[in-house]
Structures are given as structure tokens and as C-alpha cells.
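Engineer: Here's a structure for you.
The values are calculated or read from the model by the stated rules, or taken from the named source; none is laboratory data. Predicted model only: the values in this text are computed from it and were never measured. Please note: Cβ atoms are built from the backbone with ideal geometry, for glycine as well, and neighbour counts cover all protein chains shown. Just so you know, the surface numbers come from the protein's heavy atoms only, side chains and all, with ligands and any DNA or RNA stripped out. Shrake-Rupley method; radii C 1.70, N 1.55, O 1.52, S 1.80 Å.
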Amino acid sequence: MATSKIFTNENCVGCNQCISKCPCDEANVAVNKGGINILEVDPDKCICCGECIRSCTHNARYFFDDTERFLSDLRSGRKIPILVAPALRSNVPEWPRLLGYLKSLGANAIYDTSYGADICTWAHLRFLTKNPVEGVVTQPCPAIVNYIEKYVPGLLSRLSPIHSPAMCTAIYMKNVKHLQGPYCFLSPCIAKFDEFSDPNCGGGSIVGYNVTYKRLVEYLDENKTSWRGSNEAMYDNEAHGLGSIYSSPGGLRVNIEQYVQGKWIFQVEGQPHTSHFLEEYLAKKNNLPFIVDVLNCARGCNAGTGAIRTEHDEYEISEAMYKVVNDTMKNKSRKKLPPGPNFAKFDKDLNLDDYIRRYTAKPINRKTVSKAQLEKAYGDLLKTTEKSRHLDCRGCGFPTCEKMARAIAKDINIADNCSDYHRSVMQEKSDSIEKMNQETEQRSVELRDAIRTMIEALGEAGEKTEETIKTVNEIHDEVEALVTAADELSEIVPELQTLMRKYAMTGESVINVSRQTNLLAINASTEAARAGQHGKGFAVVAQRIKQLSEQSTNAATESLSNNENMEPLIETLADVKSKIMEQASEITTNSENIISSLGTLPELLQDVEEKAERLTQ
């Protein structure tokens, strides 16, 4: 990729004015840096016409030149011959002092390219005399050469093969004056760098520095040099003719017309008009003009891309050019010569072939866009209708929506640069917000209903809470009563155990007495039998006593058996009492916690109910 002479700085706001003025659709590329959309230059597709610099109101486009390198080399002691474009007279009123300052730094020769323009006029006429062709496009302007080589290479056969005035001057200095180069060109043009570095023009070995008026004066003033107070100096070349007006629109035409009468010379200048003309001129085959005099800048080199003057300074430019022409005419009138160059001298001293140049086609590989890619780009731009696709508001910098869509499809621009896209996005957002508002309103109604239901539920919960607290309090009281009963039971159990033990002892005594009584009854029955008739009544008593003794024994035995069964039950009762006490304690603790928690719940429910009521409002 080539190195761009024009760059974008931090002032860029993505206003797209550079696109609208640029004659090359793909030379400006939209990029996103840190969330900010800016437009950078593609150096391979840029022709250095400078229209983006002129159109930018934010000072976001600037250019590189060789000012600092040239001054550094000059101060280091290098002897550098200088050639100066005639537009210096219209751009720097105190130009003799600037020449004097440069000579004080070591410039060993300074030539006015007005003299080289005279050579350029001579070379054109001599070439056209030997090669009688029509429709020749003259090329003192390197931006025009750039455009033809890159975008209209079919016109190279019509492009004049004569070097520009600057190169004619440099070749004259080298071949005739034998000044050692490389030279420095004081220039009103950024694109001159491309001309001098072109292998067809010496590849930088003849003219090695392109120093623009604008950057040179800025640099000298910023560094507080004394150039404005320097002694004046003049050019070292011979007197020139009207080559000095080459820097004005139609300058070459005026020079040619001094020698060729009755020929149609077509004049065109200014971008993008010039580029459009060249595209159309390629198709012209018949009835061509003798010469097409083409300049990139609307006001010519006097308001060139690297000049101090702008297209708005036409009064000052015209005044300076009038003085140049008037001085030239006065000088020539003394000898009664036409205000043109001395062709006889040129024929004697110059070799026409030295001033012939060639060109190299450098066709741009323009990106192609398929129908599907274009449709996708329209979709990215939210342009779904024919009307929206032909809005052509030019806010993106392109003349039509289709060109913007193609730029997006080529990936050199983005939808964010389209103002209609933003309107569509805003409309979509507006529609979305409206829909959201409707949904929000619907949900708000549903929310109010839900809140009212919640408020009712909270009221019921409050009532249930009060009932719960009451029930828990009752449980708490009953548990406390149970604990009291368990305490009383714990006091009775030892007494009962004591009585049971006494009861057991009494039962054993009864059994012993019953056994003794039973023995007595047996003995009584024995004695009654011995008494015979007399002992029958006593025998009945003895039998009855025996029965009572057996009954007492059985009753006492059963009682002892029951007593043994009761003891485990009494012990179990003690264990149950212990568990009752333990669980009652837990129930008491839990109920107290429940009461404590529920105690603040009514207030909380009341607060929630109040806030819910406010929410519904």
C-alpha cells in the first residue's frame, strides 16, 4: 500500500463532507476508532486532489510534505537548488524576502518555473507540429495525471507527453545549467510529490523535495524565524514570458493561443467537475478540441492544495497575476516582442526529447457489488421500500442512496453514516417504546389488580395472624398447665412407689397369716374328726376357716403379682413425665419465638398494605 500524503487527525467528527467532494468514491473509508466514526484516506485510491481538505470545516484533514527534511538538510550545509512555482507571487506578498532567507541558509540557486512553463509551451507546440493530433489533454497538473492513470487509463494515449513546467525547469537546470540535484520545489500542490517520485520523472533523483507554501510559512512562523526581515533576493534564471500565468485557469491556453490561431482549446478546472468530464471525454471519438487545458483546482495553482490562498481569495490572486502579466508585457514591449518565450533560443539550446515523458497505467481494482450484497446493504440501512432507496439526501456524503449502499457493501462505509438510517432506527425505537408503553399500561392494570388482591390477602393474613397468635398463646397456656400437672405427677410417683412397697409387704404378711391359718384349720379338722359326733360342728368351722385362708392366700398372691406389674408402669410414668417436661420446654420456647415473630407481623403487614396502596395509585 502507498503512503498517504493526506491524513485524518483527531478533529474528525464523521460529518462526511470529504466524501461529498471527493471525485473517487472509494478513497474515503469509514472506520470506528474508540467508538467514534471517522473517515480515513485510502492512499492507493487517493489522487491528492485536496478537495477533502478544502471541504473539511473541522480541520480534520491535513497533509505531509518535505518542509522539515528540506530545512534540516539545508541547515546541515547541503547545497540544494530550488525551483519555485509562479503562484508564490500570489501567495506570499513578501516573496523576495523568503527567497533571500533561503539563500541565507545555503540555497545555491533559485529558479522560477515560469521559465520552465515557457519551455513547456515550446515543447507542446513542437510536439504537436511533429505529431498533428487533436484532443490532447495537457498535464501541468499531477492530480489529473493521477486520476487518469488510476481511474481513466484509457485516456493515457491522449495525455500530453510533455513534462510539467516544474519538471521542464528541473530538466533545464540539470541539462543546461548543470546544477547538481536533487532539487527542492517550492510548491502550491500536494500531488507534486507523486510526480517527482514517479520513475517516469526521475523517481526523486531530479526533484527530491516537495515543499508547500502553506507548510513552509507555517513552520517558519511557528519556529519564530527571521525570514520576514531578511534581505530580498530574486530568481537566477533568464527573463520569462507569459509562462507565469500557467498557475491561473486557462494559463496554458493563453500561451498556446499566442502561436496557434483558430484552434478550439477546451478549458476545464475544479473537482469533481474535472473528473466527471474526463470520464465522459473517454467516450468522445470525433470532433475533438485541439487541446484540453485541465487543472485540478478551481482557481488554478494560485489556490492549490498546498497553497496559502484559497478559492475565496480570488480578488487578491487576480491582483497579483495582473501585476505579473503587466510586468512581463512591459519588459517585452521595450523590444517590441510578443510576451512569449524565445523559441529560436529554445530550438538552439534544448533537445525536445529531454522534455518528453511517459506514463504508467495504475488501474484501480474497484470492488464489485453483487445484487445480493446490494440488497443486504439496503437491509443494513433499513431501506426496504423504493421510496426510501431513492431519498438521496446526501447526508452520507454520497449523491445517491445507491452509492451509499454500494459503499457499505464494499465495506468502506457503515450504516451509522446515513442520517435516514438513524431516523429509521429512531422510528423503530419510537414504535417499540409505544408498544412497550401499551404493554406497560396493560401490565400496570394487571399489577393494580394483583396488588388489590394482595392487599385483601394481606388483610386476611393479618386476621389469621391475630388468630394464630391467640391460638399459640392458648397452646402456651395449656403447655404450662401440662408442665404443672407433670410437676405434680412427679411428686406423686415417689409416694406411690412407697405405698406400693408397703402394700407388697402387707400382702406377704397376709400370705404368711393365711398359711398359718390354713395349718390351724387343718389341725382343727383333724381334732374334730377325732371328736366324732361331738366334733362335727367344729369341723364345719374349721373347713370354713380353711376356705377363707385359701381365699386370702390367693388374693394376696394376686395382689403381689399386680404390684410387680405396677412397678414398671410407675417407672415408665416417670420417664414419660421427663419426656413431657422436655417437649413442653421445646414447645414453650417455640411458641415464645412464634409469638415474638408474629408480634411485629401485623405492623409489617400494615406497612406493606399502605405501600401497595400507594403503588396502585
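Engineer: Any chance region 186-195 includes a residue that's surrounded by 19 or more Cβ atoms within 10 Å (Cβ to Cβ), aliphatic (A, V, I, L, M), in contact (Cβ under 8 Å) with a residue 60 or more places away in the chain and in a loop (DSSP other than H, G, I, E, B)? Please lay out each step first, then the result.
Structural biologist: Pass one, region 186-195, residues surrounded by 19 or more Cβ atoms within 10 Å (Cβ to Cβ): 186-195.
Pick out the ones that are also aliphatic (A, V, I, L, M) and you get 186, 190-191.
The next check asks that each one be in contact (Cβ under 8 Å) with a residue 60 or more places away in the chain; those that pass are 186, 190-191.
Now narrow it down to the ones that are in a loop (DSSP other than H, G, I, E, B): 190-191.
Yes, the conditions are met somewhere in region 186-195.
Engineer: Moving on to the next point. Does Asp420 qualify as being in a helix (DSSP H, G or I), closer than 16 Å to Gln17 by Cα and not polar (S, T, N, Q)? Walk me through how you get there before you give the answer.
Structural biologist: On the way: in a helix (DSSP H, G or I): yes; closer than 16 Å to Gln17 by Cα: no; not polar (S, T, N, Q): yes.
Spelling it out, it is not the case that Asp420 is in a helix (DSSP H, G or I), closer than 16 Å to Gln17 by Cα and not polar (S, T, N, Q).
Engineer: Only one residue in Thr57, Thr3 is under 26 Å from the mean Cα position of the chain (by Cα) and at pLDDT below 90, so which one is that? Outline the logic, then answer.
Structural biologist: Numbers: Thr57 fails: at pLDDT below 90.
Answer to the check: Thr3.
Engineer: Something else: Looking only at region 256-266, decide whether some residue is within 25 Å of Tyr115 (Cβ to Cβ), free of Cβ contacts under 8 Å to residues at least 24 places away in the same chain and of a type in the set (Ser, Thr, Tyr).
Structural biologist: Among the residues of region 256-266, not one is within 25 Å of Tyr115 (Cβ to Cβ), free of Cβ contacts under 8 Å to residues at least 24 places away in the same chain and of a type in the set (Ser, Thr, Tyr), which makes the answer no.
Engineer: Which members of region 218-263 meet the condition of being under 15 Å from Leu105 (Cβ atoms), in a helix (DSSP H, G or I) and either open to solvent by less than 70 Å² (accessible area, probe 1.4 Å) or modelled with pLDDT under 90 (or both)?
Structural biologist: Hits for region 218-263 are Tyr219, Leu220, Trp227, Gly229.
Engineer: What residue, of Cys49, Cys18, is assigned to a loop (DSSP other than H, G, I, E, B), open to solvent by less than 40 Å² (accessible area, probe 1.4 Å) and touching a residue at least 40 places away in the same chain (Cβ under 8 Å)?
Structural biologist: Details: Cys18 fails: assigned to a loop (DSSP other than H, G, I, E, B).
Exactly one residue qualifies, and that residue is Cys49.
Engineer: Related question: Output the number of the condition that Glu311 fails; it satisfies all remaining conditions of (1) at pLDDT 90 or above; (2) within 21 Å of Ala143 (Cβ to Cβ).
Structural biologist: Just one mismatch for Glu311, condition (1).
Engineer: With (1) touching a strand residue (DSSP E or B) at 6+ places or on another chain (Cβ under 6 Å); (2) open to solvent by 10 Å² or more (accessible area, probe 1.4 Å) as the list, and Ser104 as the residue in question, which single condition is left unmet?
Structural biologist: Against the list (1) touching a strand residue (DSSP E or B) at 6+ places or on another chain (Cβ under 6 Å); (2) open to solvent by 10 Å² or more (accessible area, probe 1.4 Å), Ser104 comes up short only on (1).
Engineer: Residues being closer than 13 Å to Val292 by Cβ and crowded, with 22+ Cβ neighbours inside 10 Å: count how many of those fall in region 142-154. Please lay out each step first, then the result.
Structural biologist: Just the residues of region 142-154 that are closer than 13 Å to Val292 by Cβ, to begin with: 144, 148, 152.
Now restrict to residues that are crowded, with 22+ Cβ neighbours inside 10 Å: 144, 148.
The total comes to 2.
Engineer: I would also like to ask the following. Here are some conditions: (1) open to solvent by 10 Å² or more (accessible area, probe 1.4 Å); (2) among the hydrophobic types (A, V, I, L, M, F, W, C); (3) part of a helix (DSSP H, G or I). Val133 meets all but one. Which one does it not meet?
Structural biologist: (3)
Engineer: Identify, from the list Glu460, Glu441, the residue that is part of a helix (DSSP H, G or I), within 36 Å of the chain's Cα centre (by Cα), surrounded by fewer than 18 Cβ atoms within 10 Å (Cβ to Cβ) and without any contact (Cβ under 8 Å) to a residue 12 or more places away in the chain. So that I can check it myself, show each step before the final result.
Structural biologist: Details: Glu460 fails: within 36 Å of the chain's Cα centre (by Cα).
The match here is Glu441.
Engineer: Only residues that are in contact with a Pro (Cβ under 9 Å, 6 or more places away or on another chain) and under 17 Å from Cys15 (Cα atoms): list them for region 32-61, please. Full working, then the answer.
Structural biologist: Kept after step one, since they are in contact with a Pro (Cβ under 9 Å, 6 or more places away or on another chain), are these residues of region 32-61: 47-49, 51.
Within region 32-61, just Glu51 meets the criteria.
Engineer: So if I check each of Gln583, Gln547, which one is in a helix (DSSP H, G or I), at pLDDT 75 or above and either open to solvent by less than 60 Å² (accessible area, probe 1.4 Å) or not aliphatic (A, V, I, L, M) (or both)?
Structural biologist: Numbers: Gln583 fails: at pLDDT 75 or above.
Gln547 is the lone residue from the list that is in a helix (DSSP H, G or I), at pLDDT 75 or above and either open to solvent by less than 60 Å² (accessible area, probe 1.4 Å) or not aliphatic (A, V, I, L, M) (or both).
Engineer: Here is a follow-up. What residue, among those in region 65-124 that are of a type in the set (Asp, Glu) and under 45 Å from the mean Cα position of the chain (by Cα), is farthest from Gly50 (Cα to Cα)?
Structural biologist: Residues of region 65-124 that are of a type in the set (Asp, Glu), as a first pass: 65-66, 68, 73, 94, 112, 118.
Now drop any that are not under 45 Å from the mean Cα position of the chain (by Cα), which leaves 65-66, 68, 73.
Details: Asp65: 13, Asp66: 17, Glu68: 21, Asp73: 27 Å.
Ranking the qualifying residues of region 65-124, first place goes to Asp73.
Engineer: Does Phe127 fit the bill of being assigned to a helix (DSSP H, G or I) and in contact (Cβ under 8 Å) with a residue 12 or more places away in the chain? Before you say what the answer is, go through the steps one by one.
Structural biologist: Values: assigned to a helix (DSSP H, G or I): yes; in contact (Cβ under 8 Å) with a residue 12 or more places away in the chain: yes.
The answer is yes for Phe127.
Engineer: Let me ask something else about it. So for region 383-397 (the condition being surrounded by 15 or more Cβ atoms within 10 Å (Cβ to Cβ), of a type in the set (D, E, K, R), assigned to a helix (DSSP H, G or I) and free of Cβ contacts under 8 Å to residues at least 24 places away in the same chain), does at least one residue qualify?
Structural biologist: Yes: one or more hits.
Engineer: Another question about this same structure. Consider Gln139 against the criteria (1) under 24 Å from Gly229 (Cβ atoms); (2) open to solvent by less than 10 Å² (accessible area, probe 1.4 Å): it satisfies all of them except one. Which criterion is unmet?
Structural biologist: Every condition holds for Gln139 apart from (1).
Engineer: If you go through region 359-382 one residue at a time, how many are within 30 Å of His124 (Cβ to Cβ) and surrounded by 11 or more Cβ atoms within 10 Å (Cβ to Cβ)?
Structural biologist: First, the residues of region 359-382 that are within 30 Å of His124 (Cβ to Cβ): 359-364.
Applying the additional criterion that residues be surrounded by 11 or more Cβ atoms within 10 Å (Cβ to Cβ) yields 359, 361-364.
Count: 5.
Engineer: Evaluate the following for Tyr421: is it of a type in the set (Phe, Trp, Tyr), open to solvent by 30 Å² or more (accessible area, probe 1.4 Å) and in contact (Cβ under 8 Å) with a residue 12 or more places away in the chain?
Structural biologist: On the way: of a type in the set (Phe, Trp, Tyr): yes; open to solvent by 30 Å² or more (accessible area, probe 1.4 Å): yes; in contact (Cβ under 8 Å) with a residue 12 or more places away in the chain: yes.
Judged against the criteria, Tyr421 is a match.
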